[in-house]
Amino acid sequence: MKKLEWLTKMIRVIVAILMVVCTVLVFIQVCRRNFVGTVFRWAEEVAIFSVIWITFLGAVLCLENGEHTRIEVFINLFPHKIRKWIEVFDYLVCFAFMALLSYHSIELLQINGGYRTAASNIPKFVVYSSVMVSGILMIPYFGILIYNKIKEPDPNLASKNSETGGDAT
């Protein structure tokens, strides 16, 4: 768990740095366009690539905090015991999808990774690897979500035990 906390902090730092880079580049571009009449050709690409990485790494951070958008109307119709296992199944499907996405993104990197961008001459590997990296980073978070959901106590049982003075375990 400590390693995952360290990883989360590192992702947050990287996202913050990329946001600063993106903001500064766009600000410089606007100033140059309005005052000098020219722009840096490479700055727009770097800003776009920063946003791509922010998006994929931000998805990892949202997963870590459980902040992804979910429609729970259907799931909430079930009692806690059934809902719990539906959510475990949901996390397992997402876990498998991230594993497949990460695996198949290798082919994407092999096909497109060797090309370079037009203005900034950055290898496209840098951009396309965001898919693979975020997929790989999401896998342990889904593993923890699955584990925590399985270990989650039934709130009805816990409230009954607290009323009777019994142990919730």
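The values are calculated or read from the model by the stated rules, or taken from the named source; none is laboratory data. Keep in mind that this is a model prediction, so the values were computed, not measured. Please note: Cβ atoms are built from the backbone with ideal geometry, for glycine as well, and neighbour counts cover all protein chains shown. When the accessible area is computed, the model is the full protein with side chains, heavy atoms only, and any ligands, DNA or RNA have been set aside. Shrake-Rupley method; radii C 1.70, N 1.55, O 1.52, S 1.80 Å.
At 0.692 mPa s and 37 °C, plugging the Kirkwood radius over alpha-carbon pairs of region 76-141 into Stokes-Einstein gives what diffusion coefficient in µm²/s? Value of D from the Cα-based Kirkwood radius: 237 µm²/s.
Is region 18-135 best put as rounded, prolate or oblate by its Cα gyration tensor, with a ≥ b ≥ c the root eigenvalues, rounded for a/c under 1.5, and otherwise prolate when a/b is larger than b/c, oblate when not? Since a/c reaches 1.5 but b/c is at least a/b, the shape of region 18-135 is classed as oblate. Two tests apply to each whole DSSP H helix in the chain, Cα reach of 20 Å or more along its axis and mean Kyte-Doolittle hydropathy of at least -1.0, and the ones passing both are 2-31, 41-65, 80-112, 124-151. For the chain, the solvent-accessible area of protein heavy atoms averages 67 Å² per residue (probe radius 1.4 Å; ligands and nucleic acids excluded).
Once the cut-off is 15 Å, how many percent of the Cα-Cα pairs in region 48-115 end up in the long-distance tail? Here the tail beyond 15 Å accounts for 71 percent of pairs. In this label model, Asn34 and Val73 are separated by 4.4 nm, measuring between points 7 Å along each Cα→Cβ vector. Taking the accessible area of the chain, probe 1.4 Å, and keeping the other protein chains in place, the carbon and sulfur fraction comes to 68%.
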